[in-house]
1. Compute the Kirkwood hydrodynamic radius of region 22-129, taking the inverse of the mean of 1/r over all pairs of distinct Cα atoms, and give it in Å to one decimal.
2. Please arrange Thr124, Thr57 by how many other C-beta atoms lie within 10 Å of their C-beta, fewest to most.
3. Using 0.36 nm times the number of residues separating Trp63 and Gln50, minus their current alpha carbon distance, what extension gain do you get?
4. In nm, give the distance between the simple-model label positions of Ala94 and Lys128, each being 7 Å from the Cα along the Cα-to-Cβ direction.
5. Can you give the FRET efficiency to the nearest 0.05 for Ile75 and Ile106, using r as the Cβ-Cβ distance and R₀ = 30 Å?
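Bear in mind these aren't lab numbers, they're just calculated from the coordinates by the rules spelled out. What you see is a predicted model; the values in this text were computed from it and never measured. Here the Cβ is made from the backbone with ideal geometry for all residues, glycine too, and neighbour counts use every protein chain on show.
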Amino acid sequence: MPIASLMLALLLGASPAAATPDTATLSGLLEVHERDGGCSGDANTDLRVQVDGTRTTFEQDVWLSVRESLDPMDILEITREGTALTATVNVHVAPIEPGRPVPACIRPVNVRLHIDGLPPGDYTLQLKRAES
């Protein structure tokens, strides 16, 4: 915590922890990996977290239809409100071609979100589909 924030907290009679903002906008890196097995693949939808120095990595398998794909993103904006993290991702949907059947299956896709400088905590992660 910067010394000015600490001094302000002490002058106002608040605890130093109360001077830390509860919301922030962070940036991160999104990796996307196709899982083996196609439509019959296994998925681990539990959120897995790994901390390595100042980098926190969140990993989870998500289900997408065969027509959907996610973009890997070098700079992804993440909103932190308390312990809730929200990231908006680009989901592309392939067009339906007239006369061709649309496969009716979903497949697991592994996503990894890397965030540098995230304060320690027990976070939840929500991936939101970008408005198109």
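1. Taking the inverse mean of 1/r over all distinct Cα pairs, region 22-129 comes out at 15.0 Å.
2. Details: Thr124 12, Thr57 16.
So the residues, fewest neighbours to most, are Thr124, Thr57.
3. 2.5 nm
4. 2.9
5. After rounding to 0.05, the efficiency reads 0.60.
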